[in-house]
Amino acid sequence: MKVILFGATGMVGQGVLRECLLDPGIESVLAIGRSPTGGRQPKLHEILHQDFTDYSDIEPQLTGYDACFFCLGVSSVGMAEERYRHLTYDVTLAAAKTLSRLNPQMVFVYVTGRGTDSTEHGRLMWARVKGKTENDLLKLPFKAAYMFRPAGIQPLHGIRSKTAWVQAIYVGAAPLLSLLNRVAPACMTTTEQVGRAMIKVAREGYPKAVLESEDINRL
Ligand SMILES: NC(=O)c1ccc[n+]([C@@H]2O[C@H](COP(=O)([O-])OP(=O)(O)OC[C@H]3O[C@@H](n4cnc5c(N)ncnc54)[C@H](OP(=O)(O)O)[C@@H]3O)[C@@H](O)[C@H]2O)c1
């Protein structure tokens, strides 16, 4: 498989990148981001990009891919709805529309979160915005699209969150999170499990388009 990865410098994306680089069935990974990953591997290629609503200048480099793992995302904490909607809905759909046009055989995997609101009308702002993003992604003409809704994600293998308060929680609660991962798979997964599950659904498919934490851990 040839894979495009967004958000490769983030906590989830670093985990997905690690698993992609380790997987012998993945021929190449193209990381598209505003900052470099710092990785040096023969099968890792990178495009530094600035406007995440417009890919017209790099379109020729975005064809011939089998899967896109879209791990770019922000926390809604302290953010106005308009800004959160732009960074979540506008940015994700801009990339997905371009990629579905250029790669109709592509499988697109998007990370939202547990509690995402498919009705788009609930009380929680972040959940409504993620719900609309999921719903509109599922309408695009990809070969298949999968929405990953993890609850907590424990970073493994030295991976760090870009968000300071998230990182502080994960460091402080590490022993508890490992225990939760074993006894409550509905609440906790790991960066390794998320990465491996994305690769597996891209390769083999899955009976459901929306995957909760249990589905991710089962894969
Ligand atoms: N962490 C969790 O426990 C958890 C749980 C459930 C769901 N999720 C979801 O997973 C997704 C990723 O979360 P994360 O924890 O990996 O976040 P993170 O560590 O903060 O990383 C965010 C990633 O998105 C990129 N990004 C953020 N704003 C950007 C912008 N304006 N333009 C371009 N790139 C931008 C960052 O790039 P830079 O390196 O350039 O900043 C980074 O690669 C989010 O949608 C989040 O809601 C996370």
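The values are calculated or read from the model by the stated rules, or taken from the named source; none is laboratory data. Every value quoted in this text rests on a predicted model; they were computed, and no experiment measured them. Neighbour counts are summed over all protein chains in view; Cβ atoms, including those assigned to glycine, are modelled from backbone coordinates with ideal geometry. Areas reflect the complete protein model, heavy atoms only, side chains present, ligands, DNA and RNA absent. Shrake-Rupley method; radii C 1.70, N 1.55, O 1.52, S 1.80 Å.
Within segment 97-124, can you find the residues that are in contact with a helix residue (DSSP H, G or I) (Cβ under 8 Å, 6 or more places away or on another chain) and within 14 Å of the ligand (Cβ to nearest atom)?
Step one: of segment 97-124, the residues in contact with a helix residue (DSSP H, G or I) (Cβ under 8 Å, 6 or more places away or on another chain) are 98-99, 102-103, 106-122.
VAL109, TYR110, VAL111, THR112, GLY113, ARG114, GLY115, THR116, ASP117, listed by residue number.
Mind checking which residues of segment 35-55 are free of Cβ contacts under 8 Å to residues at least 40 places away in the same chain, assigned to a loop (DSSP other than H, G, I, E, B) and within 14 Å of the ligand (Cβ to nearest atom)? It would help to see each step written out before you state the result.
To start, the set of residues in segment 35-55 that are free of Cβ contacts under 8 Å to residues at least 40 places away in the same chain comprises 35-51.
So of that shortlist, the ones also assigned to a loop (DSSP other than H, G, I, E, B) come out as 35-43, 49-51.
Across segment 35-55, the qualifying residues are SER35, PRO36, THR37, GLY38, GLY39, HIS49, GLN50, ASP51.
Across segment 97-132, what is the total count of residues that are out of contact with any strand residue (DSSP E or B) (no Cβ under 6 Å at 6 or more places or on another chain) and part of a helix (DSSP H, G or I)?
Total satisfying the criteria: 13.
Under the condition of being assigned to a helix (DSSP H, G or I) and closer than 15 Å to CYS68 by Cβ, which residue from segment 1-18 is nearest to the ligand (Cβ to nearest atom)? Steps first, please.
Of segment 1-18, the ones assigned to a helix (DSSP H, G or I) are 11-18.
Now drop any that are not closer than 15 Å to CYS68 by Cβ, which leaves 12-13, 16-17.
Values: VAL12: 4, GLY13: 5, VAL16: 9, LEU17: 10 Å.
My answer is VAL12.
Which residue, of ILE32, ILE58, is within 13 Å of the ligand (Cβ to nearest atom) and outside any loop (DSSP other than H, G, I, E, B)? Reasoning before the result, please.
Numbers: ILE58 fails: within 13 Å of the ligand (Cβ to nearest atom).
So the residue among ILE32, ILE58 that is within 13 Å of the ligand (Cβ to nearest atom) and outside any loop (DSSP other than H, G, I, E, B) is ILE32.
Just one of (1) in contact (Cβ under 8 Å) with a residue 12 or more places away in the chain; (2) surrounded by 15 or more Cβ atoms within 10 Å (Cβ to Cβ) trips up PRO104, so point out which.
Failing condition for PRO104: (2).
Let me spell it out: the conditions are (1) assigned to a loop (DSSP other than H, G, I, E, B); (2) within 13 Å of the ligand (Cβ to nearest atom), and PRO24 meets all of them except one. Which number is the exception?
Failed condition: (2).
Is it true that some residue in segment 134-151 is in contact with a helix residue (DSSP H, G or I) (Cβ under 7 Å, 6 or more places away or on another chain), open to solvent by 50 Å² or more (accessible area, probe 1.4 Å) and either within 14 Å of the ligand (Cβ to nearest atom) or at pLDDT below 95 (or both)?
No, the conditions are met nowhere in segment 134-151.
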